[in-house]
Structure formats: structure tokens, C-alpha cells
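The values are calculated or read from the model by the stated rules, or taken from the named source; none is laboratory data. As the structure is a prediction and not an experimental result, all values here were calculated from the model. Reconstructed Cβ throughout: ideal geometry from the backbone, glycine too, with neighbour counts over all protein chains shown. Note: areas computed on protein heavy atoms with side chains; ligands, DNA, RNA excluded. Shrake-Rupley method; radii C 1.70, N 1.55, O 1.52, S 1.80 Å.
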Amino acid sequence: MNLDSKIPEGPIAQKWSNFKAHAKLVNPSNRRKYKIIVVGTGLAGASAAASLAEQGYNIQCFCYQDSPRRAHSIAAQGGINAAKNYQNDGDSIYRLFYDTVKGGDFRSREANVYRLAEVSGNIIDQCVAQGVPFAREYGGLLANRSFGGAQVSRTFYARGQTGQQLLLGAYSALERQIALKKVKMFTRREMLDLVVVNGHAKGIIVRNLVTGDIEKYSADAVLLCTGGYGNVFYLSTNAQGCSVTAAFKCYKRGAGFANPCFTQIHPTCIPQHGDQQSKLTLMSESLRNDGRVWVPKKAEDCTKNPNDIPEEDRDYYLERKYPSFGNLAPRDISSRAAKEACDDGRGVGPEVNGSRRGVYLDFADAIKRDGLHTIEEKYGNLFEMYERITGENAYKVPMRIYPASHYTMGGIWVDYELQTSITGLFAIGECNFSDHGANRLGASALMQGLADGYFVLPYTIQNYLADQAIWPHLSVDLPEFAEAEKGVQAEIDRLMGIQGKRSVDSIHKELGHILWEHVGMGRTKEGLEEGIKLIKKLRNEFNTNLFIPGKKEGLNVELDKAIHLRDFILMGELIAHDALSREESCGGHFREEHQTEEGEAKRDDEHFFYVGCWEYKGNDETAPELIKEPLEYEAIKVQTRNYKN
């Protein structure tokens with residue numbers, strides 16, 4: 001596998017302009033001749049499909065939901081970053097670029113991140129034109145708030161439902177193209193394989209989730225917009241339908257998988273309340289603008305009513321440890337600090353599996369300062385959601401929060417043009433690796449998804465398609481399609497034929513426990529080696545003792561989940577392999593052997609300043625091969641992150 005990042009020449013601030021000035025183009029009349037498959041309809045997929053259709057391409061768009069607007073992007077709450085500097089507080093394209101690279105602990109590709117910051121302002125203009133109801137100040141100007149890892153206010157928001165409002169904007173653009181018949185929408189389909197013809201991605205195999213039929217589709221290029229793999233941990237903030245299956249099938253077909261161990265544990269989630277829980281709920285990071293995070297100083301106070309604990313007996317540990325950023329310290333740092341406090345016996349809330357896993361997020365000072373009405377205006381729907389789930393009124397009693405699996409910075413390897421190591425296969429949004437390094441800052445996921453879909457891919461995909469004009473449009477009758485379809489059908493038959501005794505959920509829950517204990521917030525060499533052994537053992541259990549009720553024909557949710565779990569188990573192994581090979585701590589990857597005296601992440605830039613890309617070696621029993629893309633920084637000095645002063 002050859003990893004050519006294709007970064008343009010010139011200074012960092014001119015690379016994107018240089019690329020656009022010299023990239024190949026497809027003329028408007030020729031665009032009508034091309035067909036592009038888009039898999040996924042979240043912010044990245046919907047924006048890309050709408051933009052490409054607007055340019056004249058013929059789009060086939062697939063999602064597993066019953067409507068594109070049900071994509072998991074609607075769950076994003078807090079906001080979207082953009083370097084507009086509306087607050088006149090010192091923000092700029094360079095500062096957003098620097099904060100993002102620093103937040104990712106200097107493990108992202110510098111040129112890609114600068115481009116992201118450069119086009120961020122365009123996203124806000126686009127969304128306002130679509131009618132997205134961003135919050136506004138009294139005078140009518142767009143409002144901003146702060147998010148973790150930044151000392152400026154650059155986050156645009158729509159109360160606590162920013163993702164939903166942005167998706168409705170992208171969805172309206174997509175539906176317009178569907179009405180114009182430039183986009184053909186296929187709902188309730190799941191991609192189960194990629195078809196590669198002569199080294200080029202030329203189609204996909206999908207399963208109709210309602211009828212059970214296996215279907216084949218061909219195109220001139222395939223665009224993957226399928227999100228991340230956070231559900232590998234079983235308990236996560238992701239929708240339960242989110243999976244790694246489409247991306248993992250591309251990995252098995254030859255696409256490199258980059259930095260899989262860079263997984264994000266979000267510090268602001270509602271704690272687990274029992275053994276039978278199947279999902280966790282995110283509470284927006286925006287709450288940390290006004291909420292103060294604390295735990296009791298004394299373990300014996302953990303069972304008391306928090307309002308009865310005096311101020312002098314509270315430990316506002318983020319404010320104490322990181323005075324410059326306080327409660328808006330980056331997610332990886334905030335999550336480890338919460339775990340450290342709970343490991344110290346000072347966690348709050350009910351006991352689950354013998355320990356209290358929660359810290360307080362307290363709004364009493366903010367309500368006293370700004371008034372109850374102001375806090376309700378900012379966060380009302382989030383407080384309402386919290387009360388529905390916990391039965392507690394967070395206006396009167398502090399919220400309880402704890403870290404949970406949320407986002408994955410690792411993903412399919414792409415070059416500067418967002419093309420994978422398989423020619424003709426592109427990956428955008430969370431399913432690629434390129435922009436966030438080892439830790440994503442809050443409000444940057446929406447920024448990346450829409451930047452890729454609206455403003456980057458429509459330029460870069462032309463560089464590939466311009467050379468495809470001489471190639472004939474391929475039929476699904478080719479032997480490569482028949483072979484892929486046969487393989488998908490055989491695998492479904494194999495899973496249905498196991499007829500063991502264990503449910504999909506019981507195995508997935510065990511996988512999640514293994515990963516959380518051995519490949520979670522704190523990792524060690526011994527723990528990772530043990531984790532790999534346990535995952536291999538669980539894979540054997542899955543292959544010999546799985547039970548799927550019902551038939552493969554028609555609707556079968558347990559079969560859908562089994563297919564996801566098969567790939568999650570292998571994904572868990574890949575995460576552990578990557579974490580074991582990276583003998584350093586950086587961002588969300590924390591190796592306990594590599595930390596400073598103060599317990600902070602200790603990088604090893606001499607040996608690990610690279611993108612770790614893994615190549616599948618043909619079967620599940622053979623360990624994948626690590627291929628390194630060296631990182632090159634020209635605009636930023638690589639240094640130890642400091643959020644204390």
C-alpha cells in the first residue's frame with residue numbers, strides 16, 4: 001500500500017487555493033454522464049449528495065434509516081465552530097487551525113486542518129442562507145459561545161439541537177435534488193460490500209433491510225459518509241444503528257484504516273445507571289460554559305445531598321488543575337480527570353458494579369449570576385432531557401455526568417483529496433481520519449462534515465472523475481459484482497446457520513466490557529495484550545455459539561445487529577493492535593506507562609510522529625500490517641500541550 005498524501009505545494013495558507021487553481025475539471029455537460037454512489041445521509045453525506053447533484057452529477061444515495069433526516073447527525077447538540085471573529089475577541093483562521101491541531105495533540109495532518117479552518121466561515125453563510133435558525137443576540141447578529149480547548153467564542157449554535165437544525169438544512173437541499181431527479185434515494189439499505197474492478201471502486205452490494213434482498217449498484221465513484229465506530233464499546237452516545245460495517249468492508253477490500261486507537265471518550269454524558277442499559281446519553285459540552293464540575297473533597301461526603309456540601313468541601317478539580325481553561329479543558333483531559341476523581345473514591349451517584357461513576361456539573365453560580373430565565377433560554381431542552389432520563393431537576397440539584405464513548409478520530413485513510421487508498425473510493429466526515437488527530441475539540445465534528453460535503457469534495461472528486469471520461473460505464477452484470485454478491489449471501493447464510501445459544505446483545509455487551517477495561521481511557525501493554533486474547537476468544541464464541549432468530553428473508557433486526565457485531569469484534573482487535581504499537585500517550589490514547597509526573601499524556605515525537613495506517617492481509621487470523629505516513633509540520637511548532645496557563 002502506497003500512502004501518498006498529495007499535499008499541494010506552497011505555504012500552508014495557499015495550498016487549498018493552489019489546489020483549486022490547478023485541479024482538473026469536468027465540464028457541465030459531461031457531469032450529466034457520471035453516476036456517483038453516496039453511502040450515508042448525515043451532515044457529510046447529505047451535503048455532498050446535494051452539492052454534487054447541484055453540479056449536475058447523477059447521485060444514488062443510500063441510508064439504513066427510513067428517512068435521510070434520521071441520520072445520527074441530529075444528535076449533535078452544542079454547536080459548530082467557524083473562524084468568523086464576530087465577538088472581536090482575537091479569533092482568526094490561523095487560531096482555529098492552531099487550536100484544532102493542538103487539541104488533537106499534534107497528530108493530525110496539518111494541511112487538511114488548515115483547509116478545514118479556511119472554509120469554516122463559508123459553512124455558516126451557507127447554513128444561514130438555508131434558513132438554519134442559529135441563536136442570535138438582541139440586535140439580530142449571530143451569537144457565539146465557547147467550547148473546550150479554545151479561549152475565544154467561535155461556536156455557532158441553535159439552542160441544544162444544532163445538529164438537528166443543520167441536518168434539516170442539508171436535508172432540504174438533498175430533497176430538492178431528489179425532486180429534480182438528480183438524486184435517487186434508497187432508504188432502509190445497508191452497504192455490505194464494496195465492488196472493486198481493475199483497482200477502482202465501481203459499486204456496492206447492499207441488503208434491503210425490509211425485504212432481505214441483496215442488491216447490486218454500479219457507479220463511476222463511491223463516496224463513504226458512514227460515521228464512526230464508537231458503538232464498538234457497546235455503551236456509547238451513538239444511535240444503536242451506527243456501525244463500522246461499511247467502512248470495515250472497504251478496509252477488507254484494501255482501504256487503509258488510520259489511527260484506529262484514537263477514540264474519544266466524552267466527559268459530559270449521563271452516567272450508566274445499571275447493568276441492563278444499552279445506550280448512554282450525551283449532555284452537550286456547551287453546558288460546561290456555565291456549569292462548574294466538582295466532586296466532594298472527602299469520600300464520606302459522596303452519599304450526601306450535593307446542596308448540603310459546603311463550598312470549602314468541594315473540589316472544582318478542572319479549575320484547580322487547568323486554571324487557564326477551567327471547565328472548558330479539552331475532552332480527553334477532562335475525561336481522564338473525572339476518571340481519576342472517581343478512582344480516588346470520590347465519585348457520586350448510585351453504585352454500579354461496586355463503584356460510583358459520576359461527577360457533578362453545577363449551575364447554581366450561573367443561575368445566581370445570570371438568572372434562571374437566561375439559563376433556560378440557553379440550555380432548556382438539555383435540562384428537560386436530563387430530567388426525563390434521571391428524574392432530577394438540574395436547576396435545583398447539580399447534574400451528574402461521567403465520560404462515555406462518543407466519537408472516533410481514527411478512520412479510513414484519505415489523502416488531501418479525500419480519496420482512500422482504493423482509487424475511486426472517497427471518505428468524508430467522521431469515517432475518515434484526517435482532521436482531528438488524537439482528540440477532537442468540541443463543535444468540530446459538524447464543521448468537518450459540512451466542510452467536506454459542501455466545500456471540499458465537490459472540488460477534489462473532479463480530479464479523479466476527469467480521468468474517467470475514457471472508461472465505459474460498468475454494468476452490475478460483471479463477474480466482480482456477482483462474486484461480491486455471492487460472498488455477502490454466503491456470509492449471511494453462515495451467520496444464520498450457527499444456531500448457538502447466545503444473543504447478539506450478550507456478546508456485544510461482553511465485547512464492550514473487554515474494550516472499556518483493557519482498551520478504554522487508560523491503557524497498558526499488559527492490559528492491551530490481555531484484551532487482544534479476550535477479543536480473539538470472544539470472536540470464536542461469536543462464530544460458534546451465536547443465535548439469530550427468524551429468517552434471512554424479510555425484516556430481521558437481530559441479523560442486522562449480528563452483521564454489525566461481526567465487524568465490531570474485528571474492529572476491537574484493530575483498535576487494540578494500534579494502541580499496543582503506539583508506545584506513547586497522546587490525546588485520547590493514554591498509555592499509563594507514558595505519562596508525566598503530573599499524570600498528563602507524554603508524547604514521543606521522535607518515534608511516533610506519524611499516521612499509523614493498517615492494511616488488511618487477506619484473512620481475519622493474520623495480523624494487519626502497519627504502514628506509516630510521516631507527519632510534516634511547516635506552520636506550527638510541535639510542543640507539549642499546556643492548558644494550565
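Structure values in brief
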| quantity | calculated |
| --- | --- |
| Answer residue from region 620-635, given it is touching a Lys or Arg at 6+ places or on another chain (Cβ under 8 Å) and not charged (D, E, K, R) and is nearest to R115 (Cα to Cα) among those | L631 |
| Failed item in (1) open to solvent by 10 Å² or more (accessible area, probe 1.4 Å); (2) free of Cβ contacts under 8 Å to residues at least 60 places away in the same chain, with T187 passing the rest | (2) |
| Output for region 393-442, where each listed residue is out of contact with any His (no Cβ under 9 Å at 6 or more places or on another chain), open to solvent by less than 10 Å² (accessible area, probe 1.4 Å) and farther than 30 Å from L3 by Cβ | A394, P398, M399, I401 |
| Test: residue in region 607-623 that is farther than 21 Å from V232 by Cβ and of a type in the set (D, E) | no |
| Long-range neighbours under 9 Å by Cβ, at least six apart or interchain, first residue within 20 Å of S47 (Cβ to Cβ) within region 21-36, second surrounded by fewer than 13 Cβ atoms within 10 Å (Cβ to Cβ) | V26/A469; Y34/A469; Y34/H473; K35/H473 |
| Any hit, region 114-124, residues being without any contact (Cβ under 8 Å) to a residue 40 or more places away in the chain, of a type in the set (G, A, S) and either in contact with a Leu (Cβ under 7 Å, 6 or more places away or on another chain) or under 20 Å from K249 (Cα atoms) (or both) | yes |
| Test: residue in region 347-363 that is under 28 Å from G437 (Cβ atoms) and free of Cβ contacts under 8 Å to residues at least 12 places away in the same chain | no |
| Number of the exception - R591 against (1) of a type in the set (D, E, K, R); (2) within 24 Å of K252 (Cα to Cα); (3) crowded, with 19+ Cβ neighbours inside 10 Å | (2) |
| Subset of region 287-298 (residues that are over 21 Å from G371 (Cα atoms) and either in contact with a Ser or Thr (Cβ under 7 Å, 6 or more places away or on another chain) or open to solvent by 50 Å² or more (accessible area, probe 1.4 Å) (or both)) | K297, K298 |
| Residues located in region 534-562, provided they are among the β-branched types (V, I, T) and either open to solvent by less than 60 Å² (accessible area, probe 1.4 Å) or in contact with a strand residue (DSSP E or B) (Cβ under 8 Å, 6 or more places away or on another chain) (or both) | I535, I548 |
| Pairs where the first residue, in region 192-203, is surrounded by fewer than 24 Cβ atoms within 10 Å (Cβ to Cβ) and the second is in a strand (DSSP E or B), C-beta under 8 Å, 6+ apart | L192/I205; L192/V206; L192/R207; L192/I214; V196/K202; V197/G203; G199/T423; H200/T423 |
| Listing of helices (runs of 4 or more DSSP H) fully contained in region 2-97 that carry 1 or more residues being in contact with a Pro (Cβ under 8 Å, 6 or more places away or on another chain) | 15-22, 43-55 |
| Search result, residues across region 448-465 that are open to solvent by 10 Å² or more (accessible area, probe 1.4 Å) and either closer than 16 Å to S5 by Cβ or at pLDDT below 95 (or both) | N463, Y464 |
| Matching residues, region 318-337, being surrounded by fewer than 20 Cβ atoms within 10 Å (Cβ to Cβ) and without any contact (Cβ under 8 Å) to a residue 40 or more places away in the chain | E319, R320, G326 |
| Matching residues, region 346-392, being over 30 Å from the mean Cα position of the chain (by Cα), surrounded by 13 or more Cβ atoms within 10 Å (Cβ to Cβ) and at pLDDT 95 or above | R346, A364, A366, I367, D370 |
| Hits in region 272-286 (condition: touching a residue at least 12 places away in the same chain (Cβ under 8 Å) and open to solvent by 10 Å² or more (accessible area, probe 1.4 Å)) | Q272, H273, G274, D275, Q277, S278, K279, L280, T281, L282 |
| Subset of region 248-269 [assigned to a loop (DSSP other than H, G, I, E, B) and either open to solvent by less than 10 Å² (accessible area, probe 1.4 Å) or touching a strand residue (DSSP E or B) at 6+ places or on another chain (Cβ under 6 Å) (or both)] | R253, A255, G256, N259, P260, C261, F262 |
| Residue that is most open to solvent (accessible area, probe 1.4 Å) [pool: residues in region 23-37 that are farther than 18 Å from V456 by Cβ and more than 30 Å from the chain's Cα centre (by Cα)] | R32 |
| Search result, residues across region 601-624 that are over 30 Å from Q14 (Cβ atoms), in contact (Cβ under 8 Å) with a residue 24 or more places away in the chain and touching a Phe, Trp or Tyr at 6+ places or on another chain (Cβ under 9 Å) | A601, W614, E615, Y616, P624 |
| Selected residue (only one of E606, E629 is at pLDDT 95 or above and exposed (fewer than 13 other Cβ atoms within 10 Å of the Cβ)) | E606 |
| Qualifying helices (runs of 4 or more DSSP H) (wholly inside region 451-539; at least 3 residues being under 28 Å from Q419 (Cβ atoms) and among the hydroxyl-bearing types (S, T, Y)) | 457-465 |
| In region 104-125, the residues that are closer than 30 Å to T374 by Cα and surrounded by 19 or more Cβ atoms within 10 Å (Cβ to Cβ) | S120, I123, I124 |
| Positions within region 614-625 being loosely packed, with under 15 Cβ neighbours inside 10 Å and closer than 29 Å to P330 by Cα, in sequence order | none |
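Okay, residues lined up against (1) in contact with a Ser or Thr (Cβ under 8 Å, 6 or more places away or on another chain); (2) without any contact (Cβ under 8 Å) to a residue 24 or more places away in the chain; (3) closer than 23 Å to G103 by Cβ; (4) in a helix (DSSP H, G or I):
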{"position": "K304", "(1), (2), (3), (4)": "no, yes, no, no"}
{"position": "N307", "(1), (2), (3), (4)": "no, no, no, yes"}
{"position": "K339", "(1), (2), (3), (4)": "no, no, yes, yes"}
{"position": "D343", "(1), (2), (3), (4)": "no, yes, no, yes"}
{"position": "D365", "(1), (2), (3), (4)": "no, no, no, yes"}
{"position": "F383", "(1), (2), (3), (4)": "no, yes, no, yes"}
{"position": "E392", "(1), (2), (3), (4)": "no, yes, no, no"}
{"position": "Y395", "(1), (2), (3), (4)": "no, no, no, no"}
